[in-house]
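Have a look at the structure below, then the notes.
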Amino acid sequence: MQRVTRACVRVDGEITGETGPGFLVLLGVKNGDLDADAQYLAEKTANLRIFGDDEGRFNLSLLDIGGGALVVSQFTLYADTRRGRRPGSELAARPEEAVPLYSAFCEHLLRMGVAVGKGIFGAHMEIELVNDGPVTIMLESKTG
């Protein structure tokens, strides 16, 4: 995830999701991930203290600042590049497994009070963002 001042995603020239201050979350789902992983990652995302307080220290969370999240599915995060020159996708969950977990992650964030913008699973997307910091954090689930 990247801390952003704003971000949006377009499909066929139309904005499908956006956020103001908060996170752009590039969400990879791998084989064997469960709803418990989606819930854990959503709670970590909402509560991770990586926003500056009045002294500029990382003391505030997404919930503290009332920020949002733009969540975009990105199976290429699990690309296997160890062989050849074309990345393999064997580690990434198949769409029938990944879509429900992508949706569950977004729903968990919504239930915690985070405004969620979304991309379209499987679509070719264009993402615009203004990275704030830059601050980029890689989170993995407990089973990851």
When you go through ASP37, ASP54 one by one, which is the residue that is over 22 Å from HIS124 (Cβ atoms) and in contact with a Ser or Thr (Cβ under 7 Å, 6 or more places away or on another chain)?
ASP37
Among the residues of the stretch 99-118, write down those that are over 11 Å from the mean Cα position of the chain (by Cα) and within 20 Å of LEU34 (Cα to Cα).
VAL99, PRO100, LEU101, SER103, ALA104, GLU107, HIS108, LEU110, ARG111, MET112
Restricting the stretch 98-129 to residues that are among the acidic types (Asp, Glu) and farther than 21 Å from GLU43 by Cα, the one surrounded by the fewest Cβ atoms within 10 Å (Cβ to Cβ) turns out to be GLU126
Hits in the stretch 13-63 (condition: acidic (Asp, Glu) and farther than 15 Å from LYS118 by Cβ)
ASP33, ASP35, ASP37, GLU43, ASP53, ASP54, GLU55
Which count do you get for residues in the stretch 3-25 that are touching a strand residue (DSSP E or B) at 6+ places or on another chain (Cβ under 9 Å), more than 12 Å from LEU129 (Cα to Cα) and assigned to a loop (DSSP other than H, G, I, E, B)?
1
With respect to LEU70, is the statement that it is within 16 Å of GLN2 (Cβ to Cβ), out of contact with any strand residue (DSSP E or B) (no Cβ under 8 Å at 6 or more places or on another chain) and buried (at least 17 other Cβ atoms within 10 Å of the Cβ) true?
no
Which one of these is at pLDDT 95 or above, out of contact with any helix residue (DSSP H, G or I) (no Cβ under 8 Å at 6 or more places or on another chain) and not acidic (Asp, Glu): GLY66, GLY22?
GLY66
Here is a list: LYS30, LYS44. Which entry is in contact (Cβ under 8 Å) with a residue 40 or more places away in the chain, out of contact with any strand residue (DSSP E or B) (no Cβ under 9 Å at 6 or more places or on another chain) and either charged (D, E, K, R) or crowded, with 16+ Cβ neighbours inside 10 Å (or both)?
LYS44
For the stretch 73-83, check the following and say yes or no: at least one residue is among the charged types (D, E, K, R), in contact (Cβ under 8 Å) with a residue 12 or more places away in the chain and in contact with a strand residue (DSSP E or B) (Cβ under 8 Å, 6 or more places away or on another chain).
no
By residue number, the members of the stretch 1-58 that are among the hydroxyl-bearing types (Ser, Thr, Tyr) and more than 16 Å from TYR102 (Cα to Cα) are THR5, THR19
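The values are calculated or read from the model by the stated rules, or taken from the named source; none is laboratory data. Not measured: the values here are computed from a predicted model. Glycine also receives a Cβ, built like all others from the backbone with ideal geometry; neighbour counts cover every protein chain displayed.
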